[in-house]
Every structure is written in C-alpha cells, then in structure tokens.
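Structure, as structure tokens:
Please treat every number below as a calculation from the coordinates, not as lab data. The model shown is predicted, which means the values in this text are computed figures rather than measured ones. FYI the Cβ positions are ideal-geometry reconstructions off the backbone, even for glycines, and counts take in every protein chain you see.
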Amino acid sequence: MTILNKYFGLFLIGMLTAFSVKSQDPEKQNSGNGNHRIVFYNLENYFDTKNDSTRSYNEFTPDGQLHWTERKYQDKRARIFQVLTAIAEWEPITLMGFVEIENAFVLQDLINSTPLSRENYQLVHYESDDFRGIDVGLIYHADRFKFLSSQKIRIKDPGDPAFTTRDILYVKGLLANDTLHVFVNHWVSRWRGVMESQYLRILCAETLTVVVDSVCSLNPNANILLMGDFNDNPDDESILRLTSESEKCQLFNVALKPTNKDVRGTLKYGSEWSYFDQFLVSAALLSDKTKLMLKSESGLVFDASFLLEEDKKHLGVKPKRTHIGFKYNGGFSDHLPIIIDIFAK
C-alpha cells in the first residue's frame, strides 16, 4: 500500500480501535442489537488500471489520457479506507453503498488490501451495461447483516431500446433478525443537459417505485432503505415522485446536515452546491414501535476538513476530488459521503 497522505495519522488510533472492537466483545458484535452505521459514497471513478477489452472507454489505464497508474490506484484505495475509518469511529460500519466503481475487483481489493480485512466484510455487485463500465455495489459486515438475496434492476427506455445505464442494486438481508430491503442507486447524469435527461431520471424513479410497491404489497410495514447518487435534488420531480406516487409504501427523504458552515450539499458544480446524494426510508424505519428505527438527527454529510479544499474561483470550499478534468488532483472524490444510523432494539 502506498503511504497515506499527511491526514492519515489523525485517524490511525481510531482505525486500530474501530476495526478491533469485534474481538473485544464478540457477543455484543454478533447480537445485531444496538447502533448500525450506514454509509453511501460516490467514489468518483474507482477504477483499476487494467484495459477492459469489452469497453471502448479505457481512460483509466497507464496509457490512457488520465495516465492511471498502479501508484495512483493504490493511493485512491488508501484514501477511501481513510474516509471509512474516520466515519466508523468506534464500531465497524454495517453497510456501505458505493457508486462509480469499475467492477467487483476494486471492492474486493478494498476489503482484502486494507485493514478492513480484519473484519468479516462481504460484497454484492453486478456488472452493468453502462457505456463507461461504471457500476454500483454494496459492502456489508456479515456479522451484523445477514445476506438473504440480491438482484439487479435494469432501467429500460421504451422509446430507445439501445439505451443503457447503471442498474439499481437490490439487496435483502436481516438486521437484528428483522428484514431490511436496501436499494443502491446511481441515476442518469445531467451531462446531456438537465431538461434533456430529466425524463430518464423520472424513468428511474418510476422503475424503482414499482419494485418498492411490490415489496410493500407483501409487507406494508417493510423496512426499506434507498441510498444513492440520484443526480437530482430532493425537490426535483424524480425524487418527489418517489416520495409521493407509491401506492403501497410511503417513502421519506432523510434530512442531511453538514457540520462545516461552508458546505451546503454533497457536491459542488461551479458555485452551486447540490444534494444529489440522499437516503430515503419507509415509514417503518421512522416508527419507535418497530425493531429497526432511524436514529433521530442521524443524517449527516461527512465533511471532514481533509475531504475539502479551498475553492479559489468560486470562494468557500469544495470537495477535493481525484481529477480536475485530465489533471490529477490527488484528492478523494467530487462527492462527500453521507451517513445514517439505524438502531436495532
């Protein structure tokens, strides 16, 4: 592993503590009761360095325009681990949803080649048909979340049979012996224009609503958690449809609070901040009468200072990203991670 940047020392003690809690009290760790931290993070092009012969997009190789070398890849992996360590605090993270990953290898490598290997982490991943080859994935702590099943949900445009994008990942498992339905999303981006691409994000919302309704038709009190980079804000039409059009299951957007006064979202484009990264939950997770409950005030934007840099052009701060155009910036991601805590009784 490459040497971590200068901020890593600030979290070294926390790392050794957070990822050794299991050995201190295994009965408590395996009971499933107590707090469960859940993270979503757009990793901004977490690619390996190998050429993918099945794709025309191969910028993330040593010979590509981004000159993506093994050293840069290992540094990226180390920085992701650094972020997760800081988020974990005193207990292992239970669920980690990731987008902008290239394949299962990069997630498995994150588990195997960092101190995450001290814990019983497993992953769920499917290859998508996205033209750049970027996928979504979930890492779960197998001592705290019992995997039951998974599937990928494809987004199809009836008006364009050739359309491809990232799938929605659906994972069902047991958290403290109660079923939790998890959906990891990375909806169609705005690169072709906000209005021109809006109908595709609405299509994602409609597709997801059908699946959520099918879950709630079997159990109206289902525990449902949506996480993702939706490429829309909570007040945009696609998200409003998620929270208003379900016939079987009402969904609620979790308010996310930054701690830095200069941070006003999860990503910044020009001078504008946006909340594209979001959690949505079903009513069951908001009730104090159920076994699983979203902890009050737990929705956070993780905006630690080492994830930010000065925004010299637009003032304030901005996420310190890996690349700015084709220039290597040596940062973390153009998105900030988001966090919720679910308490299991």
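Would you work out the Kirkwood radius for the stretch 151-303? I mean one over the mean of 1/r across all pairs of different Cα atoms, in Å. 16.4 Å is the Kirkwood radius here.
Note on Asn177/Asp63: beta-carbon distance plugged into 1/(1 + (r/R0)^6) with R0 of 41 Å gives a FRET efficiency of 0.20.
Placing +1 on each Lys and Arg Cβ and -1 on each Asp and Glu Cβ, with no other charges, gives the stretch 220-345 a dipole about its Cα centre of roughly 380 debye. A crude spin-label estimate for the pair Trp191 and Ala162, with each label 7 Å from Cα along the Cβ direction, gives 1.7 nm. Which entries in the list Lys172/Lys345; Lys248/Lys291; Lys156/Lys318 go over 28 Å, if you measure between the two C-alpha atoms of each? Over 28 Å Cα-Cα: Lys156/Lys318. If you take the Cα centroid of the stretch 41-93 and the Cα centroid of the stretch 239-292, the two points sit 27 Å apart. The helix-only estimate of mean residue ellipticity at 222 nm for the chain, built from DSSP H runs of length n ≥ 4 each weighted as -39500 (n - 2.57), is -7000 deg cm²/dmol after division by the residue total. Charge dipole (Cα centre; +1 on Lys/Arg Cβ, -1 on Asp/Glu Cβ; no other charges) of the chain amounts to roughly 660 debye. Stretching Asp288 away from Ile324 to a fully extended chain increases their span by 8.5 nm, per 0.36 nm per residue minus the current alpha-carbon distance. Relative contact order for the chain: 17 percent, from Cα pairs under 8 Å spaced at least 6 residues apart, divided by residue count. For the stretch 236-334, the fraction of C-alpha pairs farther apart than 22 angstrom is 44 percent.
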